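All remarks here apply to the structure that follows.
The values are calculated or read from the model by the stated rules, or taken from the named source; none is laboratory data. Given the structure is predicted, the values throughout are model-derived calculations rather than measurements. Methodologically, a virtual Cβ is constructed for each residue, glycine included, from the backbone with ideal geometry; neighbour enumeration extends over all protein chains shown. All accessible areas refer to the heavy atoms of the entire protein, side chains included, with ligands and DNA or RNA removed. Shrake-Rupley method; radii C 1.70, N 1.55, O 1.52, S 1.80 Å.
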Amino acid sequence: MLEQRYEIIALTPERYDETFALATRIFVANSSVHKALEISLEEYRNYYIKEFELIAEESLSLVSIDSKTGLVAGCLIGRDYCTDLSKIEPNIKLAPLSRLIGCLEDQYKKHRQHQLGACALVDIGAVDPEHEGHGIYRNLRTQAHSLFKTKGYRYVVGELSSSATQHVLINKMGHREIANVAFADFTYNGSTPFASIEEPPTIVMVEGEL
């Protein structure tokens with residue numbers, strides 16, 4: 001149960017800068033795929049800022065506020081799975097990751113096809129290390145799913161490269177693994193950019209019904 005100290009609210013424009021800073025800092029620090037590609041925090045922020053601004057406008061994102069400080073302790077950045085991101089300038093260093101995600105999505109599309117308004121995707125979920133152990137991530141997930149359902153979404157999906165999030169979503173929240181790619185087997189331009197990742201051995205795409 002989420003402690004009374006934390007309140008989950010919608011992400012609003014006055015919280016964009018603080019939330020972007022926290023989400024990117026935590027995400028890059030913990031993402032095995034970004035570490036494998038040697039993506040720096042600055043590089044990722046320069047790439048992600050346009051996508052974040054576009055996603056934030058969809059009003060599918062939440063933040064957890066620490067009542068003692070008034071600061072963001074965690075966040076969940078959600079978007080419509082079918083949001084068109086084609087106009088966002090790609091980062092060459094992230095090209096292997098884009099292709100990896102593409103492989104997952106190719107598998108998923110064989111399972112289910114979506115149109116706008118049918119499926120939400122959790123893009124980033126992040127909790128400041130100082131606030132871990134208080135149930136923030138799981139409560140963000142639970143409230144986000146309620147938000148998605150209220151807005152008419154029937155499904156929620158996630159692309160998970162972390163053992164911890166795979167465990168929570170599959171074993172605790174009942175999501176189904178629909179697609180997976182083994183890091184050791186994935187090739188890009190003749191190389192295996194993610195072969196150094198041992199745990200977990202695969203990136204998976206999971207789906208939950210709302």
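The table that follows gives values for the structure above.
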| item | result |
| --- | --- |
| Helices (runs of 4 or more DSSP H) (entirely within segment 11-62) containing at least 2 residues that are more than 17 Å from ALA126 (Cα to Cα) and open to solvent by 20 Å² or more (accessible area, probe 1.4 Å) | 41-56 |
| Residue in segment 106-117 that is open to solvent by 10 Å² or more (accessible area, probe 1.4 Å), under 30 Å from THR192 (Cβ atoms) and in contact with a strand residue (DSSP E or B) (Cβ under 7 Å, 6 or more places away or on another chain) present | yes |
| Complete set of residues in segment 118-148 that are open to solvent by 20 Å² or more (accessible area, probe 1.4 Å) and small (Gly, Ala, Ser) | ALA118, GLY125, GLY133, GLY135, SER146 |
| Scope segment 135-166; condition farther than 18 Å from ILE124 by Cβ, free of Cβ contacts under 8 Å to residues at least 40 places away in the same chain and part of a helix (DSSP H, G or I); matching residues | SER146, THR150 |
| Residue tally, condition assigned to a helix (DSSP H, G or I) and among the charged types (D, E, K, R), over segment 167-210 | 1 |
| Yes/no for CYS82 being modelled with pLDDT of 95 or more and either open to solvent by 70 Å² or more (accessible area, probe 1.4 Å) or under 28 Å from VAL63 (Cα atoms) (or both) | yes |
| ARG79, sole failed condition from (1) in a helix (DSSP H, G or I); (2) charged (D, E, K, R); (3) under 26 Å from GLN143 (Cβ atoms) | (1) |
